[in-house]
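Enquirer: Structure in structure tokens, see below.
Taken together, the values in this text are just the output of simple stated rules run on the coordinates, not laboratory data. As the structure is a computational prediction, the values presented were derived from the model and not from experiment. Here the Cβ is made from the backbone with ideal geometry for all residues, glycine too, and neighbour counts use every protein chain on show.
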Amino acid sequence: MTGATETPPPPWRRLLSGSVGRNLGLVLALLLLVVVGAVTAPDTFTSLDNMLTILRQASIIGVISIGMTLVIISGGIDLSVGAIMGLASVVATIAAVQDLADQLHWSVMIVIALAVGAGAGLVNGIVIAYGKVVAFMATLAMLVAARGLAEILAERRTLVVEERGFITFMNTDILGVDMLIWIFAVVAALGWVLLNRTTFGRRTVAIGGNREAARLAGIDVKRHTMWLYVISGLTAGIAAVMILGRTTAGTSTHGLLYELDAIAAVVVGGTLLVGGRGTITGTVFGVLIFATLTNVFVQNNLNSSVQAVVKGVIIVVAVLLQQRFARPSGRAT
């Protein structure tokens, strides 16, 4: 008796389950929010200044989300990025560092912030990859430790940036666009290239899809995992530099709950929490969707609590759509 032939999925199902279909849905969602904003606040929402404000607000979370995307695609998670960002902002603004920057160059502050972020990420990576500690617990421990260390170093005070050269540079407009937006664009572009055009990106997807199969294929899974967390920490350091430029102050409260916003943007952008599939483009759209939503609420003077509820609904819908349309063998990147 001949077995029944499996019916291929309809074209619309294949389209929706592919990266093109997912990104198309994100574009439509973003356009819908733009239409809502234009209708409810026509005098202010559609102005160029407001569009740049949305991009500026999305930029810092956006940079963190790029690193988070790579980690989640590999099947991991990083709950410490917000705390690492706060720690990096504090270390870069303590008196000793600012004195060194005054003697040498203001870029010393940037180097220190990036080094702190990458160093904290390296600790996460070593503990997770070689210590075999579950990523959730390891990064949760780093969240608590980094936030506490930042409070100790800052003595629970706000540290003001004194270097005028740094402030001037970070508030420079290039072609009428803020420096923060340019940094986000560059980080997103580099993240896209890393994921889609390099062996590193292909190995990241392979590890997220099947860790054991990746190991048997010759991939050094432990070392690769370590470097993924270094990249995540580095993006947190970049975000610290950006927040210093925007607020001209370092404090242990910088980055509070940013890890949750980053994870939300990554999930809404179509990256599977179980790993093996995701796109940088989708994450960028996810960040823009939440930034636009926030702006719509602000423009219409709506309750922030209602906004939180709406964001929660969006996240749940995104996860449900992932479960509905994700193909078991899908490895789209």
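Enquirer: So how tilted is helix 280-299 from the main axis of the chain? Cα-based, degrees 0 to 90, rounded to 10.
Expert: For 280-299 against the chain, the angle is about 60 degrees.
Enquirer: In addition: Let me understand the range 140-296 better: what is its radius of gyration from the alpha carbons, and its Dmax, in angstrom?
Expert: 17.9, 53
Enquirer: Still on this structure, I have one more. Using only the alpha-carbon atoms of the chain, report the extent along each of the three principal axes, biggest first, to the nearest angstrom.
Expert: Cα spread of the chain along its principal axes, largest to smallest: 83, 55, 35 Å.
Enquirer: Further question: Per residue of the range 33-49, what does 6.51 cos²θ - 1.76 cosθ + 1.60 with θ = phi - 60° give for ³J(HN,Hα)? Whole Hz please, x for Gly and Pro, Karplus curve as stated.
Expert: Values per residue, Gly and Pro as x: 5, 4, 4, 4, x, 5, 6, 7, 9, x, 7, 10, 5, 7, 5, 4, 4 Hz.
Enquirer: Collect residues whose amide H, placed 1.01 Å from N in the peptide plane, falls under 5 Å from the amide H of ALA249; neighbours closer than 5 in sequence don't count.
Expert: VAL161
Enquirer: Quick check on the range 29-135: take the gyration tensor over C-alpha atoms, sort the square-rooted eigenvalues as a ≥ b ≥ c, and tell me if it's rounded (a/c under 1.5), prolate or oblate.
Expert: oblate
Enquirer: Can you tell me how much longer the chain between SER305 and TRP182 gets when fully stretched, taken as 0.36 nm per residue apart minus their C-alpha distance, in nm with one decimal?
Expert: Length gained between SER305 and TRP182: 41.2 nm.
Enquirer: Same structure again: Which residue, chosen from GLY312, THR294, LEU273, occupies the Cα position most advanced towards the positive end of the dipole of the range 198-333, where the dipole is computed from +1 (Lys, Arg) and -1 (Asp, Glu) charges on Cβ about the Cα centre?
Expert: LEU273
Enquirer: Once you order the gyration tensor axes a ≥ b ≥ c over the Cα atoms, which shape class does the range 121-231 get: rounded for a/c under 1.5, otherwise prolate or oblate by comparing a/b with b/c?
Expert: Since a/c reaches 1.5 but b/c is at least a/b, the shape of the range 121-231 is classed as oblate.
Enquirer: With viscosity set to 0.890 mPa s and temperature to 25 °C, compute the Stokes-Einstein D of the range 220-309, Rh being the Kirkwood radius across alpha carbon pairs; µm²/s, no decimals.
Expert: My calculation gives 161 µm²/s for D.
Enquirer: Separate question: Along the Cα→Cβ direction, 7 angstrom out, place labels at ALA249 and VAL193. What is the inter-label distance in nm?
Expert: Using points 7 Å along Cα→Cβ, the separation is 3.7 nm.
Enquirer: Output wanted: per-residue J couplings in Hz (rounded whole) for the range 255-272, from phi through Karplus 6.51 cos²θ - 1.76 cosθ + 1.60, θ = phi - 60°, x for Gly and Pro.
Expert: So the Karplus estimates, Gly and Pro as x, are x, 4, 6, 5, 4, 5, 5, 5, 4, 4, 5, 5, 5, 4, x, x, 6, 6 Hz.
Enquirer: In square nanometres, what is the average projected area of the Cα convex hull of the range 58-100?
Expert: 3.8
Enquirer: Okay, next question. Exposed loop GluC sites (Glu not before Pro) only (DSSP loop, at most 10 other Cβ atoms within 10 Å): please give the longest stretch of the chain free of them, not including the sites.
Expert: It works out to 156-333.
Enquirer: Can you tell me how much longer the chain between THR168 and ALA141 gets when fully stretched, taken as 0.36 nm per residue apart minus their C-alpha distance, in nm with one decimal?
Expert: 6.1 nm
Enquirer: Which of GLY201, GLY82, GLY176 ends up with the largest GNM mean-square fluctuation for the chain, with Cα atoms connected below 10 Å?
Expert: GLY176
Enquirer: Considering the chain as a Gaussian network with a 10 Å cut-off on Cα pairs, which listed residue, ALA38, ALA120, ALA88, attains the greatest mean-square fluctuation?
Expert: Highest fluctuation of the listed residues: ALA38.
Enquirer: On C-alpha positions alone, give me the angle between the axis of helix 221-247 and the longest principal axis of the chain, in degrees, nearest 10.
Expert: It works out to around 50 degrees.
Enquirer: With N denoting the number of residues in the range 102-172, provide Rg(C-alpha) divided by 2.2 N^0.38 Å, to two decimal places.
Expert: 1.42
Enquirer: So how far, in whole Å, is the C-alpha centre of the range 267-298 from the one of the range 115-194?
Expert: 20
Enquirer: Okay, moving on. GNM, the chain, Cα, under 10 Å: largest mean-square fluctuation among THR199, THR93, THR281?
Expert: It is THR199.
Enquirer: Please give the charge dipole size of the chain, origin at the Cα centre, charges +1 on K and R Cβ atoms and -1 on D and E Cβ atoms. Round to the nearest 20 debye.
Expert: 1380
Enquirer: Another question, if that's okay. Mean residue ellipticity at 222 nm from the helices of the chain, using -39,500 (n - 2.57) per DSSP H segment of n ≥ 4 over the full residue count, to the nearest 500 deg cm²/dmol?
Expert: -24000 deg cm²/dmol
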